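Chemist: Here you go, one structure.
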Amino acid sequence: MATTPELIDRPRVLVVGGGYVGLYVALKLQKKIANAGGIVTVVDPLPYMTYQPFLPEVAGGNIEARHAVVSHRQHLKQTELIQGRVTSIDHQNRTAVVAPADGGEPFEIPYFDVVVAAGAITRTFPIKGLADEGIGLKTIEEAVALRNKVLERIEVASTMTDAAERAKALTFVVVGGGFAGIECITEMEDLARAAVKNNSRIRQEEVRFVLVEAMGRIMPEVTASQAEWVVEHLRSRGIEVLLNTSLDNAEGSLKLINLPDKTPAQEFEADTLVWTAGVQANPMIRSTDFPLEPRGRVRVLPDLRIAGDEGIIDNAWAAGDIAAVPDLTGSGLPDGTCVPNAQHALRQAKRLAKNLWASRWDKPMGDYKHKNLGAVAGFGEWKGVANINILGRIGLKGGLAWLAHRGYHGLAIPTGERKVRVIFNWLLGMTMGRDTTQLLDLDNPRGAFVAAATPAPKPAAAPAPAAEPAEPAEAKAPVTADAK
């Protein structure tokens, strides 16, 4: 095992993951731990935390991509930052193995406390062609790529003369009818509508959006009547909503089946396939000696300490989507744990930081208990739905829900600096309109330079003119003595 001399030699609080939980734990503890002679270390393959509720707005062009992420280096000044992945944890020996993001040799890192905050990844199913044709909406890179894909397909389709290819380019499919899927397809539809207005060669009726949901309803976080209203709203915008329907095959054309009998449903071609059908705990947790529950999440107590059948595991903590945190309010998932969302993750991180610090001084620790404030969703400009639980349940639709969505998330994104940047994005969009500028070749930024730096091949030499055929010998005049 390779070693790394750059590690700070102090008692370490190792934070595995720099998302919601990891960022806030480090923010709350870095100064206290440093003053006590220790160090907080955050290990994450990315140099930033992604505020995932803003990914649909990034895909729709409402928020600049850089403003939906929070830089670790800029805000964790007293934290040791390592860009890489924790591939395994041996808590009995208080060590973790880190694989550097640059592909270097893995190394061991010792710690005193460990905070498991690696979050969740996209959950997929073994559907043929999905890995080749689909894209998720879990990362900022996916959101940017999706925005450019929508704009690029509309522009390319506007010059196509083949009707089938044109229809394929202008068909956009989202699988998954949860918050992410609904916000994604509505923001994409708003973006496409703005792009079509600027292109006289495309008619709005040609653009097709299809939402595929395996359950009989969408958005389980809102009431049944609100969910029905959302379906009506989507269909009023020309979005096809296919309930009790699943994607069966994505090779070539998309093949859909009806549920639960799995009979064939629709079959059509689409250039854009977005998968938002759920998440699962980061599989790195399986390479640890921590106890897991049936869904693959690490088991924790209400005070966020990791615990198994044999009791509490000292100096081990977890929170967020990778942890099965008990919901003491009784309004969580059917198994009694908290819903995996940003609202819980942010508050769990703050409670975890307080409890970890209290444990250092043998002080009492508190349990995590937070009543869900409700749910808010934006469907593009001045459109949305909200279910707010403050003074009783308040259901909102349309413009008021959209304002509630922006108000909540504008305040919830970490750091004041990022709040200001996002709010200015919104103000600019409201006054200057949606930016539909497409950025090309982001996956090949050196293409233009390589073409310019590569000598053009020399033109082929012109073929030599064909020689005139020689005169046959018998046709020549005979040489006689008189001719001499």
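The values are calculated or read from the model by the stated rules, or taken from the named source; none is laboratory data. This one's a predicted model, so the numbers in the text were calculated from it and none came from an experiment. Cβ atoms come from the backbone with ideal geometry, glycine included; neighbour counts cover every protein chain shown. Just the protein is used for accessible areas: all its heavy atoms, side chains included, with ligands, DNA and RNA removed. Shrake-Rupley method; radii C 1.70, N 1.55, O 1.52, S 1.80 Å.
Chemist: Out of 151, 243, which single residue is closer than 19 Å to residue 434 by Cβ and either open to solvent by 50 Å² or more (accessible area, probe 1.4 Å) or touching a residue at least 60 places away in the same chain (Cβ under 8 Å) (or both)? Explain how you work it out, then say what you get.
Modeler: Numbers: 243 fails: closer than 19 Å to residue 434 by Cβ.
That would be 151, the only listed residue that is closer than 19 Å to residue 434 by Cβ and either open to solvent by 50 Å² or more (accessible area, probe 1.4 Å) or touching a residue at least 60 places away in the same chain (Cβ under 8 Å) (or both).
Chemist: Being closer than 16 Å to residue 119 by Cα, in a loop (DSSP other than H, G, I, E, B) and over 20 Å from the mean Cα position of the chain (by Cα) is the filter here; which residues of segment 333-343 pass it? Steps first, answer last, please.
Modeler: Of the residues in segment 333-343, the ones closer than 16 Å to residue 119 by Cα are 337-343.
Next cut, in a loop (DSSP other than H, G, I, E, B) only: 338-341.
338 - this is the single residue of segment 333-343 that is closer than 16 Å to residue 119 by Cα, in a loop (DSSP other than H, G, I, E, B) and over 20 Å from the mean Cα position of the chain (by Cα).
Chemist: Just name the residue that is farthest from the chain's Cα centre (by Cα) out of those in segment 356-385 that are free of Cβ contacts under 8 Å to residues at least 60 places away in the same chain and crowded, with 21+ Cβ neighbours inside 10 Å.
Modeler: Step by step, filter segment 356-385, then rank; the result is 384.
Chemist: Suppose the filter is crowded, with 17+ Cβ neighbours inside 10 Å, on the phi < 0 side of the Ramachandran plot and at pLDDT 95 or above; does residue 66 pass it?
Modeler: Values: crowded, with 17+ Cβ neighbours inside 10 Å: no; on the phi < 0 side of the Ramachandran plot: yes; at pLDDT 95 or above: yes.
No: the conditions fail for residue 66.
Chemist: Let me ask something additional. Just a yes or no: is a residue in segment 133-148 basic (Lys, Arg) and touching a Lys or Arg at 6+ places or on another chain (Cβ under 9 Å)? Outline the logic, then answer.
Modeler: Of the residues in segment 133-148, the ones basic (Lys, Arg) are 138, 147.
When the remaining residues are screened for being touching a Lys or Arg at 6+ places or on another chain (Cβ under 9 Å), the result is none.
Checked against the condition, which is being basic (Lys, Arg) and touching a Lys or Arg at 6+ places or on another chain (Cβ under 9 Å), segment 133-148 yields no hits at all.
Chemist: Residue check, residue 272 against (1) farther than 28 Å from residue 192 by Cβ; (2) of a type outside the set (A, V, I, L, M, F, W, C); (3) open to solvent by less than 30 Å² (accessible area, probe 1.4 Å), all met but one. Which one?
Modeler: Here residue 272 meets the rest and fails (1).
Chemist: Among the residues of segment 75-98, write down those that are touching a residue at least 60 places away in the same chain (Cβ under 8 Å), of a type outside the set (A, V, I, L, M, F, W, C) and under 20 Å from residue 139 (Cβ atoms).
Modeler: 75, 85, 87
Chemist: Whether any residue in segment 310-332 is open to solvent by 50 Å² or more (accessible area, probe 1.4 Å), more than 23 Å from residue 219 (Cα to Cα) and either basic (Lys, Arg) or not in a loop (DSSP other than H, G, I, E, B) (or both) is what I want to check.
Modeler: yes
Chemist: Within the bounds of segment 396-415, is there any residue that is crowded, with 16+ Cβ neighbours inside 10 Å, in contact with a Gly (Cβ under 7 Å, 6 or more places away or on another chain) and β-branched (Val, Ile, Thr)?
Modeler: Looking through segment 396-415, none of the residues is crowded, with 16+ Cβ neighbours inside 10 Å, in contact with a Gly (Cβ under 7 Å, 6 or more places away or on another chain) and β-branched (Val, Ile, Thr).
Chemist: Quick one: count up the residues across segment 207-236 that are under 16 Å from residue 172 (Cβ atoms) and crowded, with 16+ Cβ neighbours inside 10 Å. I'd like the intermediate steps shown before the answer.
Modeler: Going residue by residue through segment 207-236, those that are under 16 Å from residue 172 (Cβ atoms) are 207-213, 234-235.
Restricting the remaining residues to those that are crowded, with 16+ Cβ neighbours inside 10 Å gives 207-213, 234.
Total meeting the criteria: 8.
Chemist: Here is a follow-up. Residue under question is residue 346, and the condition is that it be open to solvent by less than 40 Å² (accessible area, probe 1.4 Å), at pLDDT below 95 and under 24 Å from the mean Cα position of the chain (by Cα); does it hold?
Modeler: Working: open to solvent by less than 40 Å² (accessible area, probe 1.4 Å): yes; at pLDDT below 95: yes; under 24 Å from the mean Cα position of the chain (by Cα): yes.
Yes; evaluated as a whole, the condition is true for this residue.
Chemist: Residue check: is residue 118 under 26 Å from the mean Cα position of the chain (by Cα), surrounded by fewer than 21 Cβ atoms within 10 Å (Cβ to Cβ) and not in a strand (DSSP E or B)? Quick ask: steps written out before the conclusion?
Modeler: Working: under 26 Å from the mean Cα position of the chain (by Cα): yes; surrounded by fewer than 21 Cβ atoms within 10 Å (Cβ to Cβ): no; not in a strand (DSSP E or B): yes.
It is false that residue 118 is under 26 Å from the mean Cα position of the chain (by Cα), surrounded by fewer than 21 Cβ atoms within 10 Å (Cβ to Cβ) and not in a strand (DSSP E or B).
Chemist: A follow-up question, please. Among all residue pairs at least 6 apart or on different chains, which show Cβ distances below 8 Å where the first residue, located in segment 179-193, is surrounded by fewer than 24 Cβ atoms within 10 Å (Cβ to Cβ) and the second is acidic (Asp, Glu)?
Modeler: Once the first residue is surrounded by fewer than 24 Cβ atoms within 10 Å (Cβ to Cβ) and sits in segment 179-193, its partners that are acidic (Asp, Glu) give 179/221; 190/381.
Chemist: Just to be sure before I move on: is residue 46 within 28 Å of residue 178 (Cβ to Cβ), surrounded by fewer than 19 Cβ atoms within 10 Å (Cβ to Cβ) and within 17 Å of the chain's Cα centre (by Cα) in the structure I sent?
Modeler: Details: within 28 Å of residue 178 (Cβ to Cβ): yes; surrounded by fewer than 19 Cβ atoms within 10 Å (Cβ to Cβ): yes; within 17 Å of the chain's Cα centre (by Cα): yes.
Criteria met by residue 46.
Chemist: Search segment 289-302 for residues that are surrounded by fewer than 19 Cβ atoms within 10 Å (Cβ to Cβ) and pair each with any residue that is outside any loop (DSSP other than H, G, I, E, B) and among the polar types (S, T, N, Q) when their beta-carbon atoms are under 8 Å apart and the residues are at least 6 apart or on different chains.
Modeler: 289/92; 295/280; 296/280
Chemist: Can you find a residue that is more than 30 Å from residue 228 (Cα to Cα) and touching a Leu at 6+ places or on another chain (Cβ under 8 Å) anywhere in segment 405-416? Before you say what the answer is, go through the steps one by one.
Modeler: Our first condition is that a residue be more than 30 Å from residue 228 (Cα to Cα); within segment 405-416, this holds for 414-416.
Retained after the next criterion (residues that are touching a Leu at 6+ places or on another chain (Cβ under 8 Å)): 414.
Within segment 405-416, one or more residues are more than 30 Å from residue 228 (Cα to Cα) and touching a Leu at 6+ places or on another chain (Cβ under 8 Å).
Chemist: When you look at residue 135, is it under 15 Å from the mean Cα position of the chain (by Cα), open to solvent by 20 Å² or more (accessible area, probe 1.4 Å) and of a type in the set (A, V, I, L, M, F, W, C), yes or no? Give the derivation first.
Modeler: Numbers: under 15 Å from the mean Cα position of the chain (by Cα): yes; open to solvent by 20 Å² or more (accessible area, probe 1.4 Å): yes; of a type in the set (A, V, I, L, M, F, W, C): yes.
So residue 135 fits the description; yes.
Chemist: Turning to a different aspect of this structure: Given the options 434, 393, 406, name the one that is among the charged types (D, E, K, R) and out of contact with any strand residue (DSSP E or B) (no Cβ under 9 Å at 6 or more places or on another chain). Reasoning before the result, please.
Modeler: Details: 393 fails: out of contact with any strand residue (DSSP E or B) (no Cβ under 9 Å at 6 or more places or on another chain); 406 fails: out of contact with any strand residue (DSSP E or B) (no Cβ under 9 Å at 6 or more places or on another chain).
Going through 434, 393, 406 in turn, just one is among the charged types (D, E, K, R) and out of contact with any strand residue (DSSP E or B) (no Cβ under 9 Å at 6 or more places or on another chain): 434.
Chemist: Residues to consider are 95, 87; find the one that is at pLDDT 95 or above, of a type in the set (Ser, Thr, Tyr) and open to solvent by 40 Å² or more (accessible area, probe 1.4 Å).
Modeler: On the way: 95 fails: open to solvent by 40 Å² or more (accessible area, probe 1.4 Å).
Result of the check over 95, 87: 87.
Chemist: Still on this model: Applying the selection to segment 354-379, what residues are within 30 Å of residue 182 (Cβ to Cβ) and part of a loop (DSSP other than H, G, I, E, B)?
Modeler: First, pick out the residues of segment 354-379 that are within 30 Å of residue 182 (Cβ to Cβ): 368-379.
368, 369, 370, 371, 372, 373, 379, listed by residue number.
Chemist: Output the number of residues of segment 406-431 satisfying the condition of being within 17 Å of residue 346 (Cα to Cα), within 19 Å of the chain's Cα centre (by Cα) and assigned to a helix (DSSP H, G or I).
Modeler: Applying the first criterion (within 17 Å of residue 346 (Cα to Cα)) to segment 406-431 yields 407-416, 418-419.
Filter once more, keeping what is within 19 Å of the chain's Cα centre (by Cα): 409-410, 412-414, 418.
Restricting the remaining residues to those that are assigned to a helix (DSSP H, G or I) gives 409-410, 412, 418.
Residues in segment 406-431 being within 17 Å of residue 346 (Cα to Cα), within 19 Å of the chain's Cα centre (by Cα) and assigned to a helix (DSSP H, G or I): 4 in total.
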